[in-house]
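Reading through the structure tokens given below for one structure.
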Amino acid sequence: MNWTLMWDSLPRLLAALPLTLQLVAMALAFGAVLAFATALLRLSGNRVAVALTSAYTFIFRGTPLLVQIFLIYYGLSQIDLIRDSVLWPVLSQPMWCAILALALNTGAYTSEILRGAIETVPQGQVEAARACGMSRVRLFRRIVLPMAIRQMLPAYGNEVILMVKASSLASTITMMEITGVARRMIAQTFAVFEIFIVAGILYLLINFVATRLIKHAEWRMTPYLRARA
Amino acid sequence: MLDLLTTGLHGWGPQLLSGTAMTIAVALSSFLLGLAFGAAAGAAKLSDSLVLRGLAELYTTAVRGVPELLVIYLLFFGGSGMIMAVAGIFGYGGLIELNAFSIGVAAVGLISGAYSTEVIRGAVKSVPYGQIEAARACGMGRWRILRRVLVPQTLRFALPGLGNVWQLTLKDTALISVTALAEIMRVAHTAAGSTRQSFLFYSVAALLYLALTTVSTTAFQQAERYASRGVRRA
């Protein structure tokens with residue numbers, strides 16, 4: 001084990017950390033919006049909306065993320081309609097392709113988590129709110145959504161970890177995030193283990209912090225479960 | 001249909017089919033290897049030994065917290081070195097090179113095993129302890145209890161979780177295309193490069209994966225129905 005090499009590789013890998021965090025944050029943010037819209041459409045009962053959203057989740061949950069990334073990065077660029085469209089400045093950049101693929105992917109999984117959580121909200125709560133005279137929107141905003149978000153947090157925490165790991169696939173389309181830098185350094189130094197360990201620890205740390213944050217959010221949202229002092 | 005495969009897709013049909021076969025072979029082998037890892041690590045986690053528990057915990061935490069691609073790079077670039085180091089201890093100094101298939105299966109199996117561990121551990125724990133006591137009271141030995149009481153029920157409890165692990169494993173095999181093993185993703189990548197029809201070939205790859213995941217979902221549903229045929233439905 002070459003300790004100096006491990007120590008020396010740290011600054012270069014740390015320099016790639018912001019890009020990894022940026023990819024994950026953007027993917028999660030766009031993914032959350034997408035998941036929210038998808039779950040609502042799926043629960044709307046409209047046949048067209050249900051069919052479309054079912055197809056979306058089925059396709060994105062049933063294929064590997066790598067295929068999705070390649071399809072967006074390499075595939076879309078050869079369609080003339082897209083090359084000529086206003087979207088091209090965005091879709092011609094690997095960064096946005098990676099974010100788009102990650103967001104579409106996590107959006108599909110998260111919408112199913114959210115849908116499951118919304119469905120577990122007890123009917124009695126909805127009835128009580130309706131009896132209080134709440135409108136549909138207010139009922140959803142004040143009763144259903146807060147309960148559903150509380151319910152979905154543990155499962156969503158797993159999804160966040162999956163996204164942190166999935167961001168490594170952006171390295172296959174030239175993004176030099178942690179895994180991309182690690183790969184390049186392995187090719188340069190042949191110090192496979194040393195660099196794997198340093199990069200691995202970085203990922204474990206990100207995931208540790210992410211898990212803590214989710215746990216904290218869960219704690220904040222469930223004051224009624226805490227023992228009274 | 002066959003005609004379309006050979007003449008259509010710019011002549012890449014047969015390669016894509018054999019790529020699909022390769023994906024299935026890699027996924028099956030890694031899933032089985034993962035089950036072996038999972039059973040071993042699951043047993044370690046349930047054991048009384050602090051060392052074994054610690055090692056199993058390290059294995060599952062590290063592998064589930066580190067990107068799959070990184071694990072694949074570790075074995076792809078470092079796998080031969082590791083094997084040679086072990087062989088060196090036993091006095092063999094020659095060059096050992098691993099082929100892409102075994103590296104891929106080892107890497108994906110390692111990942112699959114970390115997820116299987118948790119599934120198997122949970123399933124073993126959901127077998128009521130009273131049943132083991134009852135079996136012991138009937139005079140069954142350790143192995144007979146394992147074979148007749150614990151394993152059959154564990155399998156039933158583990159099936160839904162293992163179904164999820166299988167889907168993960170199947171999709172993870174796409175990542176070993178970076179080792180140039182000719183599975184679906186690699187063939188699609190090569191075909192896309194040589195014909196400049198990226199959209200077409202990655203779409204075909206997506207459809208192939210979709211077909212595989214759909215078929216296996218149905219298969220696992222059937223297996224679950226078969227495994228719980230003796231259980232009364234609530």
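The values are calculated or read from the model by the stated rules, or taken from the named source; none is laboratory data. Remember, it's a predicted structure, so these values are computed and weren't measured experimentally. With ideal geometry, Cβ positions are generated from the backbone for all residues, glycine too; neighbour counts draw on all protein chains shown.
Please count how many residues of region B:55-69 are part of a helix (DSSP H, G or I) and under 18 Å from the mean Cα position of the chain (by Cα).
Count: 10.
Here are some residues: B:113, B:104, B:109, B:130. Which one is in a helix (DSSP H, G or I) and more than 20 Å from residue B:72 (Cβ to Cβ)? Among B:113, B:104, B:109, B:130, only B:130 is in a helix (DSSP H, G or I) and more than 20 Å from residue B:72 (Cβ to Cβ).
In the set B:174, B:158, B:114, B:134, which member is modelled with pLDDT of 90 or more, within 24 Å of residue B:230 (Cβ to Cβ) and in contact with a helix residue (DSSP H, G or I) (Cβ under 6 Å, 6 or more places away or on another chain)?
Exactly one residue qualifies, and that residue is B:158.
Can you find even one residue in region A:75-93 that is in contact (Cβ under 8 Å) with a residue 24 or more places away in the chain, more than 8 Å from chain B (Cβ to nearest Cβ), in a helix (DSSP H, G or I) and not hydrophobic (A, V, I, L, M, F, W, C)? No; the residues of region A:75-93 include none that is in contact (Cβ under 8 Å) with a residue 24 or more places away in the chain, more than 8 Å from chain B (Cβ to nearest Cβ), in a helix (DSSP H, G or I) and not hydrophobic (A, V, I, L, M, F, W, C). Filtering region B:79-101 to residues that are modelled with pLDDT under 80, among the hydrophobic types (A, V, I, L, M, F, W, C) and surrounded by fewer than 10 Cβ atoms within 10 Å (Cβ to Cβ) leaves only B:95. Does residue B:163 satisfy the criteria of being surrounded by fewer than 22 Cβ atoms within 10 Å (Cβ to Cβ), within 14 Å of another protein chain (Cβ to nearest Cβ) and part of a helix (DSSP H, G or I)? Taking the combined requirement at face value, the residue satisfies it. Across region A:190-212, the number of residues qualifying as more than 19 Å from residue B:74 (Cα to Cα) and either in contact with a Cys (Cβ under 8 Å, 6 or more places away or on another chain) or aromatic (Phe, Trp, Tyr) (or both) comes to 1. Of note, residue A:23 does not satisfy the criterion of being without any contact (Cβ under 8 Å) to a residue 60 or more places away in the chain, under 17 Å from residue A:172 (Cα atoms) and surrounded by 15 or more Cβ atoms within 10 Å (Cβ to Cβ). Only residues that are assigned to a helix (DSSP H, G or I) and basic (Lys, Arg) were counted in region B:213-230, giving 1. Scanning region B:104-125 for residues that are crowded, with 21+ Cβ neighbours inside 10 Å and among the β-branched types (Val, Ile, Thr) turns up B:105, B:108, B:111, B:117, B:119, B:120.
Condition (residue is in contact with a Gly (Cβ under 6 Å, 6 or more places away or on another chain), more than 25 Å from residue A:164 (Cβ to Cβ), assigned to a helix (DSSP H, G or I) and away from chain A (no Cβ under 14 Å)) applied to region B:39-54: is it met by at least one residue? Scanning region B:39-54, I find no residue that is in contact with a Gly (Cβ under 6 Å, 6 or more places away or on another chain), more than 25 Å from residue A:164 (Cβ to Cβ), assigned to a helix (DSSP H, G or I) and away from chain A (no Cβ under 14 Å), so the answer is no. Say whether the condition of being over 12 Å from residue B:19 (Cα atoms), more than 7 Å from chain A (Cβ to nearest Cβ) and surrounded by fewer than 19 Cβ atoms within 10 Å (Cβ to Cβ) is met by at least one residue in region B:171-189. No, region B:171-189 has no match at all. Only helices (runs of 4 or more DSSP H) whose full extent lies in region A:126-229 are considered here, and the ones with at least 1 residues that are away from chain B (no Cβ under 12 Å) and β-branched (Val, Ile, Thr) are A:136-139, A:145-166, A:192-221. Pairs are defined by a Cβ separation below 6 Å, a sequence spacing of at least 6 or placement on different chains, a first member in region B:195-216 that is at the interface with chain A (Cβ under 7 Å from one of its Cβ atoms) and within 16 Å of residue A:74 (Cβ to Cβ), and a second member that is surrounded by 22 or more Cβ atoms within 10 Å (Cβ to Cβ) and small (Gly, Ala, Ser); the pairs so defined are B:198/A:75; B:198/B:192; B:199/A:75; B:202/A:75; B:202/B:188; B:205/B:188. I'd like to know if region B:117-136 contains one or more residues that are within 20 Å of residue B:47 (Cβ to Cβ), within 14 Å of chain A (Cβ to nearest Cβ) and not β-branched (Val, Ile, Thr). The answer is yes, given that some residue of region B:117-136 is within 20 Å of residue B:47 (Cβ to Cβ), within 14 Å of chain A (Cβ to nearest Cβ) and not β-branched (Val, Ile, Thr). If the requirement is being among the hydrophobic types (A, V, I, L, M, F, W, C), under 28 Å from residue A:153 (Cβ atoms) and away from chain B (no Cβ under 14 Å), which of these qualifies: A:98, A:15, A:108, A:49? Just one listed residue meets the conditions, A:49.
Kindly establish whether residue A:63 is of a type in the set (Ser, Thr, Tyr), buried (at least 16 other Cβ atoms within 10 Å of the Cβ) and either on the phi < 0 side of the Ramachandran plot or in contact with an Asp or Glu (Cβ under 8 Å, 6 or more places away or on another chain) (or both).
yes
Does region B:179-187 contain at least one residue that is under 20 Å from residue B:72 (Cβ atoms), modelled with pLDDT under 90, part of a helix (DSSP H, G or I) and within 19 Å of the chain's Cα centre (by Cα)? The answer is yes, given that some residue of region B:179-187 is under 20 Å from residue B:72 (Cβ atoms), modelled with pLDDT under 90, part of a helix (DSSP H, G or I) and within 19 Å of the chain's Cα centre (by Cα).
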